[in-house]
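Novice: Take a look at the following structure, please.
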Number of protein chains: 2
Amino acid sequence: MAVLDERRPLYEIKANLFKGLAHPHRIRVLEILSAADEASVAEMLTATGLEASHLSQHLAVLRRYGLVVSERRASVVYYRLAHPQISELLRVARVLLGEILADTDSQRDLVAGLPTIPDAR
Amino acid sequence: MAVLDERRPLYEIKANLFKGLAHPHRIRVLEILSAADEASVAEMLTATGLEASHLSQHLAVLRRYGLVVSERRASVVYYRLAHPQISELLRVARVLLGEILADTDSQRDLVAGLPTIPDAR
DNA sequence: TGCTGAATTGATGTAATCATCATATCAGGG
DNA sequence: CCCTGATATGATGATTACATCAATTCAGCA
């Protein structure tokens, strides 16, 4: 398994989880799967507008990180979240981001990192 | 701000959030800050065992991603989570990982990605 | 068996991230 | 004012991730 490997220290496993989530295309895919429960590659292709091999590579990453599972029925491959909890995590992230960005609106440059650190690069 | 920038599509902002979290050292730092509310660089140095400049670089990443804020009092720099919700996100991730890894124990190779995909590389 | 559509893999170049080490800034005490 | 401890930045090389395009596998059908 290598990525979500329970023999590693927890903070490393956790970092790997986030690493799997750390790309906009992969977020889109996971949100599609959160909403639809299951989706074929073809469906995700039209939903995302990505080129086939590009999508496939990101799906491979998601598989490698143990975030999705796939199943071939006839000539179509269907993907599903490997764990329902993943959609929960995305939901929480969405809510928290909502709050964070709302904060940001009112205290924009506090959050911007510019004034708090003498010389933010 | 550039990283947690509300003008971008949401899935990109979300991916950036996860990108900031996608490293074991940074997870450790954030968990220290979740527990302690505030910590000096010196404290984090001893807590993590990292070399000073190495820790500093990761702190810079966390600042850049808007996940922490820092404040200098005398010659000591203190760090804090930029948003309390971040510790909430980590908490949720921890819980979910607990469940996922528990699953994994009983269905280890289902999660491993090996049997579900004909030729996992 | 040879096509065709669906999806994956491989190869390549480029860019981003990480670790290490050396150097720089910054505040306070001598 | 310079020294020291605390922290941050810069430069370098190594590794890993990303995008693009070509080639491959695989299932079903003519």
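Novice: Show the residues, 5+ positions off or on another chain, whose built amide H is closer than 5 Å to the amide H of A:Ser40.
Specialist: Excluding prolines and chain starts, which carry no amide H, the hits are A:Tyr79.
Novice: In terms of the Cα gyration tensor, with a ≥ b ≥ c the square roots of its eigenvalues, is segment A:1-82 rounded because a/c is under 1.5, prolate because a/b exceeds b/c, or oblate? Walk me through the numbers on the way to the answer.
Specialist: Numbers: a/c = 2.24, a/b = 1.77, b/c = 1.27.
Judged from the Cα gyration tensor, segment A:1-82 comes out prolate (a/c at least 1.5, a/b above b/c).
Novice: Further question on the same structure: How many nanometers, to one decimal and shortest first, lie between the label point of B:Ser56 and those of its other copies, if labels sit 7 Å from Cα toward Cβ?
Specialist: Ordered by increasing distance: 4.7 nm.
Novice: Less than 11 Å from a label point 7 Å out along the Cα-to-Cβ axis of A:Ser40: which backbone N atoms in segment A:52-74 qualify, by residue?
Specialist: A:73-74, by backbone N distance to the label point.
Novice: What is the distance, in nm, between label points placed 7 Å from the Cα along the Cα-to-Cβ direction at A:Ala47 and at A:Ser87?
Specialist: So the label points at A:Ala47 and A:Ser87 sit 1.0 nm apart.
Novice: Would you mind listing the distances between the B:Val77 label point and the same position in each other copy? Use 7 Å along Cα-to-C-beta, nm, one decimal, shortest first.
Specialist: Spacings between copies for this position, smallest first, are 4.5 nm.
Novice: In segment B:47-86, what chymotrypsin sites (Phe, Trp or Tyr not before Pro) fall in a loop by DSSP, with at most 13 other Cβ atoms inside 10 Å?
Specialist: Listed in order of number, the matching sites amount to none.
Since every read-out is calculated from the coordinates, none of them should be taken as a lab result. Every value quoted in this text rests on a predicted model; they were computed, and no experiment measured them. All Cβ positions, even for glycine, are placed from backbone atoms using ideal geometry, and neighbour counts span all protein chains on display.
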